1. How many residues are open to solvent by 30 Å² or more (accessible area, probe 1.4 Å) and among the polar types (S, T, N, Q) when one looks only at segment 269-311?
2. Just wondering, is there one or more residues in segment 124-144 that are open to solvent by 70 Å² or more (accessible area, probe 1.4 Å) and modelled with pLDDT of 90 or more?
3. Could you list all residues from segment 278-324 that are assigned to a helix (DSSP H, G or I) and within 14 Å of the ligand (Cβ to nearest atom)?
4. Taking Glu551, is it touching a residue at least 12 places away in the same chain (Cβ under 8 Å) and within 38 Å of the chain's Cα centre (by Cα)?
5. Being on the phi > 0 side of the Ramachandran plot, more than 8 Å from the ligand (Cβ to nearest atom) and assigned by TED's automatic domain parsing to the domain that holds Phe284, is that true of even one residue in segment 339-347?
6. Pick from segment 164-208 the residues that are more than 20 Å from the chain's Cα centre (by Cα) and among the acidic types (Asp, Glu): which of them is least open to solvent (accessible area, probe 1.4 Å)?
7. Being crowded, with 20+ Cβ neighbours inside 10 Å and either on the phi > 0 side of the Ramachandran plot or away from the ligand (no atom under 15 Å from the Cβ) (or both), is that true of even one residue in segment 350-363?
Amino acid sequence: MELYTEAGNLKNLTQLLLKKYNAFLEVSSSDAISIESIINSIDKYYEDIIGCMAGNIYWFDKHCRTVGCNKNVLAMFGLQSVENFKGLSFEELGKIGGWTLEATQSFKNDTLEILQTGKPKLNIEEPPIPHEDGRVIYFLSSRVPLFNYKNDVIGVVGVSIDITERHQAEKALKKAKLEAEAASYAKTEFISNMSHDIKTPLSGIIGLADVLMHRLEQKEDIDFAENIINAGQQLMVFFDNCLEIGKAETSNLNLANEYFSLKSVTQELYDLFLPAIKKKSLEFYLFQDDKVPDYLLGSRSGIYRILMNLIGNAIKFTDTGSITLRIELGEKSTSKNTIIKIIVKDTGIGIPVDKHQLIFERFIRLTPSSNNLYSGSGLGLYLVQKMVESMHGEIHLSSAEGKGSQFTVVLPFVVPLLTSQEYKQSEITSLVSLPAFSDNIFRAKDRKTSPCILLVEDNILAQKIAYSMLTSLQCRVDIADCGQKAKELFTPGKYDLIFMDLGLPDMSGQNITRYFREIEKDTSHSIPIIVLSAHTTIDLKKSCIEHGANEVHNKPLSKIQAKSIIDYYLTKS
Ligand code: ADP
């Protein structure tokens, strides 16, 4: 018992045993030496094995003094033999190794803890060990207590692997990742800002052309205006695709779920493409199966952009004939989960069968720009496929050269059980887009005076377009070019409707909306506030509605859309 507690290492223990054994048996000293040499050779045998093991292996006694180590440890400390290593304290080790006092103390504390608790510490990334020469070494260590026959802790054995290189590689990787993320963020920001900066004047051009188109009388002039609108809309689609492609690359299409009306989507798209359809003298057929639930829970923006690209292509690649949009209930639909089957069919140039896969790849166009026949970026179908995938749907193509094309998209949706409040909100959104366009500008028969509109907009061009459009719809219009002016002009009951821009010089459109709602709080008035934005996202829509807006629309608002909004709200009132 005494032997075990006194002996710090195997060799001491062996020598002590031998002494007692020899004394007991009274063997001659020459015999005793031969037994010792056998034990020594066993000792050396294991020391040699441990000596050449990979990593740093070392062990301490219970007084935190070194007992043995392998060759790597010797090399690290610049020591000749294990004998030079034995019996060193942590402080002495630190000095030889050139460690800082802090690193030495942390190593010692760790060893003391194992001696006290008897619990191993496995796969611990050590705090960096700074050296006096400036190097910093990182170790991954496992340290395990050594026990005697009574289960008392008599030392600690440690294995440490130098992971400095791995650490440096990880650090470099982390830095590179952060830099890449920052660069990607900057790129996305840049594209987003640029496309916003381009889209604002572009929406002005389309809006002005729309105003002009309704003023012109000569067929040829109307034709020119329509051409401007079409070209502008193509550019709009191109910028939107550029914006989306960045998001698709980072798998961040942000297709958040919302309650929406499918009819409002098809109506919005019909409004968007009507000039192009008319321009090419195409027929447009829309069939929506009565069994298809109108209100769905899913990504409205996803389905909108899928249809926008497919219908846009159908119109672009069809010179005579028709475009058909068919919306059916898919198989396996239940009352809660519905499968919507959307078919976009055209009688256009068709797609050769061996190119069906190819056209879904990025930048692939079967008719290059140089032909000057059809414009495009080759991004549309790539995005469509990405969106369909994100929405857990499928897309199929049936087409042959010269035989027209049919794209079928199958998407799953949830049929929402709307609360009355949510239903009301959805109803507003859908109804606004749907009223039948009558020739009477305002259906409200008892309206004696023309509607009074407050237009909150700072962009001069956008002001002109909206003013001209609204006055041509027989509205009286006041313009506020900043939040302060809007606040001065507004009193409850004075206006029938407000069109609100978001980015005003002194405050956001959301905050002005909230301010108006506060003022109205104790009155019986609740003015319809329609937010107009160049790039509406789901988050933006949510924020506007939360601030008290009734609806959010993309700029530019066409005359038909403006009319339907005014018509709806003023009829309601
Ligand atoms: P873009 O239309 O901008 O060129 P897309 O990715 O939407 O890019 O389409 C890729 C290509 O697929 C088009 O350039 C065209 O050659 C072909 N394509 C797509 N839709 C149709 C269609 N409805 N009819 C004929 N060809 C089509």
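The values are calculated or read from the model by the stated rules, or taken from the named source; none is laboratory data. All values reported here derive from a predicted model rather than from experimental measurement. Because the Cβ atoms are built from the backbone with ideal geometry, glycine has one as well, and the counts that use them run over all protein chains shown. These accessible areas exclude ligands, DNA and RNA; they are computed on the full protein's heavy atoms, side chains included. Shrake-Rupley method; radii C 1.70, N 1.55, O 1.52, S 1.80 Å.
1. 3
2. No; the residues of segment 124-144 include none that is open to solvent by 70 Å² or more (accessible area, probe 1.4 Å) and modelled with pLDDT of 90 or more.
3. Within segment 278-324, Arg305, Ile306, Leu307, Met308, Asn309, Leu310, Ile311, Gly312, Asn313, Ala314, Ile315, Lys316 meet the criteria.
4. So Glu551 passes the test.
5. Scanning segment 339-347, I find no residue that is on the phi > 0 side of the Ramachandran plot, more than 8 Å from the ligand (Cβ to nearest atom) and assigned by TED's automatic domain parsing to the domain that holds Phe284, so the answer is no.
6. Only one residue fits best here, namely Glu170.
7. no
Results for (1) modelled with pLDDT under 90; (2) within 12 Å of the ligand (Cβ to nearest atom); (3) in a helix (DSSP H, G or I), shown as yes or no for each residue.
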residue: Tyr374; (1), (2), (3): yes, yes, no
residue: Gly378; (1), (2), (3): yes, yes, no
residue: Lys403; (1), (2), (3): no, yes, no
residue: Pro412; (1), (2), (3): no, no, no
residue: Gln421; (1), (2), (3): yes, no, yes
